Amino acid sequence: MQPEFTAIAHPNIAFIKYWGNRDDVLRLPLNGSISMNLSGMESTTTVQFGAELKQDSFELNGETQSGSSLQRVSQFLDHVRRLANSNQYARVSSSNNFPTGAGIASSASAFAALALAASKAAGLDLSQKDLSRLARLGSGSACRSIPDGFVEWLPGEDDASSYAVSIAPKDYWNLVDAVAVISQEHKPVGSSTGHKLAQTSPLNAQRVQDAPDRLKHCREALLGRDFARFAEVVELDSHYMHAVMRTSNPPLVYWEPATEVLLWQVWQWRKQGHAVCATVDAGPNVHVLALADELEWLRKALLELPGVKNVLVGAPADGARLAD
Ligand code: DP6
């Protein structure tokens, strides 16, 4: 057996969302996106290749995986084998310390950690850019969990030019993400299927066309630490993505009634002067982005709202790294 490598990566929350691909196989997105890595939540993944292994194997949170879950990992390992010019199978074991598949992007941290651990285990020493490109092939948003802190995914035009870069270090702005968990169930329609539906929405072309403006607005608000401007564009972008989802054919509705109540409540708090805003991914959970000094009351207030089962808190975090 070859030496094993273990990597850690965090999920990320997108302020400007990735939704829809120009190329589904290479995961070249229709638009750029901006996110922040989330501390506290993480995937830890160990990979070992071996000439004596007869097939790839994948264990997630202690359970042996088969079917589509194993297939996605194995297809990803094919990219690593191609880069390393290897034909050895691998043993992959991964764990997440947060709910999988419920609008907290577990695929992002999973494929970022897998990209780093598998490339090292295969003897490769990829640059951050090439690691981000590799992670993107596993899950689009995973390319954003490679660089540190606040990150922008440059959509690019081809495989070589589509990758993520850090636009500010983690300590640049004291934002937190308080994730109000409404459901821990696995989402009924995964993002990979959802991305394919984006182009069936009559609103999609407009959303994509305006994306550069929203990216600019978000980048400026972030770099200027201007919460009011930031909140405006983050909520607009989230609503825009869910409008596209809802008007797709067939329609995709990820929200639950409690999602709507929470969004309304966050909006009221902001009107009262609090630095809070909300964004929702492909699931019912509400990510409440806030300045860190709002966290104490916010966490308690969220837990008191109907349907909120738990609140997970993430602060800006580093990108993917090898475990000690
Ligand atoms: C709504 O990266 O999960 O969270 O490439 O098919 O794995 P795949 O999709 P994924 O899509 C993320 C969608 C989103 C928005 C975002 O994180 O930008």
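The values are calculated or read from the model by the stated rules, or taken from the named source; none is laboratory data. Computed from a predicted structure; not experimentally measured. When we count neighbours, we look across all protein chains shown, and the Cβ atoms used for this are built from the backbone with ideal geometry, even at glycine. These accessible areas exclude ligands, DNA and RNA; they are computed on the full protein's heavy atoms, side chains included. Shrake-Rupley method; radii C 1.70, N 1.55, O 1.52, S 1.80 Å.
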Condition met for residue 198 (touching a Lys or Arg at 6+ places or on another chain (Cβ under 8 Å) and either crowded, with 19+ Cβ neighbours inside 10 Å or of a type outside the set (A, V, I, L, M, F, W, C) (or both)): no
Before we move on, is residue 110 in contact with a helix residue (DSSP H, G or I) (Cβ under 9 Å, 6 or more places away or on another chain) and modelled with pLDDT of 95 or more? yes
Being within 12 Å of the ligand (Cβ to nearest atom) and in contact with a Gly (Cβ under 8 Å, 6 or more places away or on another chain) is the filter; apply it to the range 174-190 and report the residue that is most open to solvent (accessible area, probe 1.4 Å). 187
Matching entry among 164, 205, 211, 160 (being more than 20 Å from residue 278 (Cα to Cα), outside the structural domain of residue 38 (by TED's automatic domain parsing), of a type in the set (A, V, I, L, M, F, W, C) and at pLDDT 95 or above): 205
Inside the range 201-231, can you point out the residues that are touching a strand residue (DSSP E or B) at 6+ places or on another chain (Cβ under 8 Å), open to solvent by 10 Å² or more (accessible area, probe 1.4 Å) and over 12 Å from residue 33 (Cβ atoms)? 223, 227
Do you know which residues across the range 155-173 are surrounded by fewer than 22 Cβ atoms within 10 Å (Cβ to Cβ) and among the aliphatic types (A, V, I, L, M)? 160, 165, 167, 168
Subset of the range 50-96, residues within 21 Å of residue 11 (Cβ to Cβ) and β-branched (Val, Ile, Thr), comes to 73, 92
Residues in the range 90-100 that are at pLDDT 90 or above, more than 11 Å from residue 312 (Cβ to Cβ) and either hydroxyl-bearing (Ser, Thr, Tyr) or not in a strand (DSSP E or B) (or both): how many? 3
Residue count, the range 1-48 (criterion: within 9 Å of the ligand (Cβ to nearest atom), part of a loop (DSSP other than H, G, I, E, B) and more than 28 Å from residue 121 (Cβ to Cβ)): 2
Counting only residues that are open to solvent by less than 30 Å² (accessible area, probe 1.4 Å) and assigned to a loop (DSSP other than H, G, I, E, B), how many does the range 275-304 have? 7
How many residues, within the range 21-58, are open to solvent by less than 30 Å² (accessible area, probe 1.4 Å) and within 14 Å of the chain's Cα centre (by Cα)? 10
Inspect all residues belonging to the range 294-304 and state whether any of them is under 17 Å from residue 12 (Cα atoms) and modelled with pLDDT of 95 or more. no
Out of all the residues in the range 119-129, is one or more open to solvent by 10 Å² or more (accessible area, probe 1.4 Å), assigned by TED's automatic domain parsing to the domain that holds residue 36 and within 23 Å of residue 30 (Cβ to Cβ)? yes
